[in-house]
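Read-outs throughout are calculated quantities, based only on the coordinates presented, and are distinct from any laboratory measurement. Here the structure is a predicted model, which means the values were calculated and not measured. Note that each Cβ is placed from the backbone with ideal geometry, even for glycine, and that neighbours are counted across all protein chains shown.
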Ligand SMILES: Cc1ncc(COP(=O)(O)O)c(C=O)c1O
């Protein structure tokens, strides 16, 4: 039977496969980025109340007005970006849907879109679903910087858009003003639209400032700003995101969203509106809690012999394991190393190369996700110490490369 050509080279998510393996092997899941701590009580209560109040039917396709107004108010208050909730704001089923509908709404077959890699897994499929040609800009370790000269070489008369995520999964970069100014000036020179995934906007460390690209001069009218609830409020299963876009894109995005999902879950949208009305202290507590998690994660990684830079934002670390391969006889291939971690050590991670399309990158790294209770991270650390310090011959016994996930 025929499979659509647009799915060529698009397999199932490696991260979700690692989660499945983690469950099968009783491993602590540091592969997929979701919290093992509770969501805020107030917002769970708001969801329950909305269901009890029978807010259980289709919402207006663009999103319930309370939530759109709360999103617009947040963008104005934090970033001085002004969106009309009646025109520019659309609530989607997660950032994942937001990205797909945005690209479907703006790209024609054959258009080029520059995608910054390593990337969140759905960026590449979203471009392909739109029929566009993804052109990769590779962030190179150890600094993972956006270099305007290298970026410029990728722009062409066919470039319609660039897709950027900041704070960045998986490298932990928070792109600075200078890097973003480089992107802004290229978008203007080549008349391209920027699509920004800002899902980790509130998770930053050590004073690194999240700067929405739309706030740079000349960018508000050519940026599609995407955000969501999953990470900020520890509700990845609620599937709530949003797009703030200028016209006429906003209208086109609404059409694709309407005919794809109709609307996001109505009662949860009311709860999300309540979430956006939490006091500022929620965000400072969030930052503080994540800083503790990050610091513990880094001390575990450094103690175990991984090479890694502390992230500036988001909640992931790309950790170079090759020193361990060399000195401890551990697997050298990232997939085999991730399998060994999951099956033998009991800590699931993601092979680094699965975040790149360009061959040869991410081969020396695995990604750790740390949106976890401190005790979960401590237990993961204890397992890693045990696993890495075991006798080499025992350790290597029984590692199968057959279960390779790629
Ligand atoms: C950069 C990035 N974008 C989007 C998502 C998915 O967001 P959502 O749960 O809102 O679909 C993730 C989840 O890990 C992510 O890291």
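Values for this structure:
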| read-out | value |
| --- | --- |
| Rounded to 10°, Cα long-axis angle of helix 249-261 versus longest principal axis of the chain | 60 |
| Gain on full stretching of the segment that runs from residue 73 to residue 260 - 0.36 nm per residue minus C-alpha separation | 64.6 nm |
| Residue order, fewest to most beta carbons within 10 Å, for 208, 353 | 208, 353 |
| Theoretical gain in end-to-end length, residue 66 to residue 206 [0.36 nm per residue, Cα-Cα removed] | 47.1 nm |
| For segment 1-119: span of alpha carbons on each principal axis (Å, largest first) | 45, 43, 34 |
| Whole-Å distance, taken between Cα centres, linking segment 124-140 and segment 261-306 | 28 |
| Convex hull of Cα atoms in the chain, direction-averaged projection (nm²) | 20.0 |
| Near-label residues of segment 343-371 by backbone N, under 15 Å of a point 7 Å along Cα→Cβ of residue 36 | 343, 345-350, 368-371 |
| Simple spin-label estimate for residue 82 and residue 135 in nanometres, 7 Å along Cα-Cβ | 3.5 |
| Binned Cα-Cα distances of segment 41-277, short to long, each 10 Å bin given as a whole percent | 8, 34, 37, 17, 4, 0 |
| Spin-label pair residue 45/residue 178, simplified geometry with 7 Å Cα→Cβ offset, distance in nm | 4.8 |
| Segment 102-212 - Rg over Rh from alpha carbon coordinates, Kirkwood radius | 0.95 |
| Per-residue Cβ neighbour rank within 10 angstrom, fewest leading, 325, 284 | 284, 325 |
| Rough spin-label spacing in nm, given labels placed 7 Å along Cα→Cβ, for residue 328 and residue 5 | 4.8 |
| Difference of contour (0.36 nm per residue) and Cα-Cα distance, residue 54 to residue 152 | 30.0 nm |
| Cα Rg over Rh - segment 259-298, Kirkwood | 1.24 |
| Exposure proxy order (Cβ contacts within 10 Å, fewest to most) of 327, 100, 159 | 327, 159, 100 |
